[in-house]
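Colleague: I'd like to ask some things about the structure below.
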Amino acid sequence: MHLKDGTKMLHTQFRANEDTKHLGVKEFLKALRQYCIPFTSKETLWNEFQAIRETLNSRTLPIQDIANRSKQYQMQLP
């Protein structure tokens, strides 16, 4: 594998770390993806949004259900 710059540095750290040095290319590519894709990517933000839960009338609902109800109430207003 031919690497350079930041990727080479990340690979060196990956191979030097006791917890990750025994892992293969597949795991390194996952780590590289996390390093390259900013935490504000749409997929990451969407997954975080989907993980939010809210309690309504003693029921725990996904935040998307709460947002949909809020939108429905908003449409009923004059």
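Colleague: Using a 10 Å Cβ count of at most 12 others and DSSP loop calls, identify the longest part of the chain lacking such trypsin sites (Lys or Arg not before Pro). Walk me through the intermediate numbers first.
Modeller: Working: sites that count: LYS4, LYS21.
The reported range is 22-78.
Colleague: Over the chain, average the accessible area per residue using a 1.4 Å probe and give it in Å², no decimals. Intermediate results must be reported in sequence, preceding the final value.
Modeller: Values: 6950 Å² over 78 residues.
Roughly 89 Å² per residue, with all protein chains present.
Colleague: In angstroms, what radius of gyration and Dmax does the chain have, counting Cα atoms only?
Modeller: Just the Cα atoms of the chain yield Rg and Dmax of 21.0, 64 Å.
Colleague: In a GNM of the chain with a 10 Å cut-off on Cα contacts, which of ASN47, ASN17, ASN57 has the highest mean-square fluctuation?
Modeller: Of ASN47, ASN17, ASN57, the most mobile in the Gaussian network model is ASN57.
Colleague: Still on this model: Could you work out what % of the accessible surface of the chain is carbon and sulfur, using a 1.4 angstrom probe and leaving DNA, RNA and ligands out of the count?
Modeller: Numbers: 3820 of 6950 Å².
Carbon and sulfur atoms account for 55 percent of the accessible area of the chain.
The values are calculated or read from the model by the stated rules, or taken from the named source; none is laboratory data. In this text the structure is predicted, and so the values were computed from the model without any measurement. Every residue, glycine among them, receives a Cβ derived from its backbone with ideal geometry; neighbour counts consider all protein chains shown. Please note that ligands, DNA and RNA were not included when accessible areas were found on the heavy atoms of the full protein model with its side chains. Shrake-Rupley method; radii C 1.70, N 1.55, O 1.52, S 1.80 Å.
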